[in-house]
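Asks: Encoded as structure tokens, here's the structure I'll be asking about.
Just so you know, all these numbers are worked out from the coordinates, no wet-lab data involved. Predicted, not measured: the structure shown is a model, and the values here were computed from it. Backbone-built Cβ (ideal geometry, glycine too); neighbour counts: all protein chains shown.
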Amino acid sequence: MNSFGEQGYAVIEIGFLFGCAIYGIIWFLTLFMVLPFGVVSQHEDGRVVPGSEAGAPATPMIYRKLAITTLLSALLYGLVYVLLTSGVMARLDLPFLPDLGIERR
């Protein structure tokens, strides 16, 4: 599904399902990076709820973290989309990247 852009470099076409898969991966990676921020344990807060672990978050703020995750992942997906569709990746001559059969015309 490769075509060649204006400068002759291969451009990757991103379909709907491929785009959703990439966004989902980025979203979950971003979620796991955002989850630890601002966490205060019940032990640190001084208010341990009976029957719960002292290391459990006092206020998890999960909806705020989901909103931040969605915004950050949208920005990261936009960056990945531009990198893949602009042909920048085809111009890189990095020896450790595999040859994917994307050649310059």
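Asks: What list do you get for SER73, SER41 if you sort them by fewest beta carbons within 10 Å?
Replies: SER41, SER73
Asks: Quick one: order VAL80, VAL40 by neighbouring beta-carbon count within 10 Å, fewest to most.
Replies: VAL40, VAL80
Asks: Okay, next question. SER41's amide H: which non-local residues (gap 5+, or another chain) put their own amide H closer than 5 Å, with H modeled 1.01 Å from N in plane and none for Pro or chain starts?
Replies: Residues meeting the criterion, in which the H sits 1.01 Å from N, are ALA58.
Asks: Between PHE32 and TYR81, what is the spin-label point distance in nm, taking each point 7 Å from the Cα along the Cα→C-beta axis?
Replies: In this crude spin-label approximation the distance works out to 2.5 nm.
Asks: Just to be sure I understand the curve: with the Debye formula and one point per C-alpha of the range 2-91, what is log10 I(q)/I(0) at q = 0.12, 0.22, 0.24 Å⁻¹?
Replies: Scattering profile of the range 2-91, log10 relative to I(0): -0.54, -1.01, -1.09.
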